[in-house]
1. Being of a type in the set (A, V, I, L, M) and over 16 Å from Asn67 (Cα atoms) is the filter here; which residues of region 21-50 pass it?
2. Could you list, in sequence order, all residues of region 27-42 that are at pLDDT 85 or above and crowded, with 16+ Cβ neighbours inside 10 Å?
3. Every residue in region 50-65 that is assigned to a helix (DSSP H, G or I) and free of Cβ contacts under 8 Å to residues at least 12 places away in the same chain, please.
4. Among the numbered criteria (1) at pLDDT below 70; (2) exposed (fewer than 11 other Cβ atoms within 10 Å of the Cβ); (3) among the small types (Gly, Ala, Ser), which single criterion is violated by Ser22?
Amino acid sequence: MLNIIKSLLSAFTWQLVSDALSAVLRRIQWTVVLERLITRAIISGLRWLEKMDTNDVLGDTVELIANMLEEKRLVKAKEYQQQQDKRKTSR
């Protein structure tokens, strides 16, 4: 009898956790998450490209591109770049 109750309770708990997790995942606007991820990847890639000696990409170029992205309502481009700049100056 106790084993039956334990197995029912266990199944009920896992189903409850599964339902809660799926509800949270359905609420997230994945396009926004993807947009911010791609924006941050672009800015990081440009910063990495700027550090390389084999090209003429300047910090001003990266700044200009970040400003253009921000004008297109990608506000995280500038915000992410400012966070990276703060980390560099604090080191």
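1. As a first pass, look at region 21-50 and keep what is of a type in the set (A, V, I, L, M): 21, 23-25, 28, 32-34, 37-38, 41-43, 46, 49.
Matches in region 21-50: Leu21, Ala23, Val24, Leu25, Ile28, Val32, Val33, Leu34, Leu37, Leu49.
2. Ile42
3. Step one: list which residues in region 50-65 are assigned to a helix (DSSP H, G or I), which gives 50-51, 59-65.
Matches in region 50-65: Lys51, Gly59, Asp60, Leu64.
4. For Ser22, the failing item is (1).
The values are calculated or read from the model by the stated rules, or taken from the named source; none is laboratory data. Because the structure is a prediction, the values reported are computed rather than measured. Don't worry about glycine lacking a Cβ; one is built from the backbone with ideal geometry, like all the others, and counts go over all protein chains shown.
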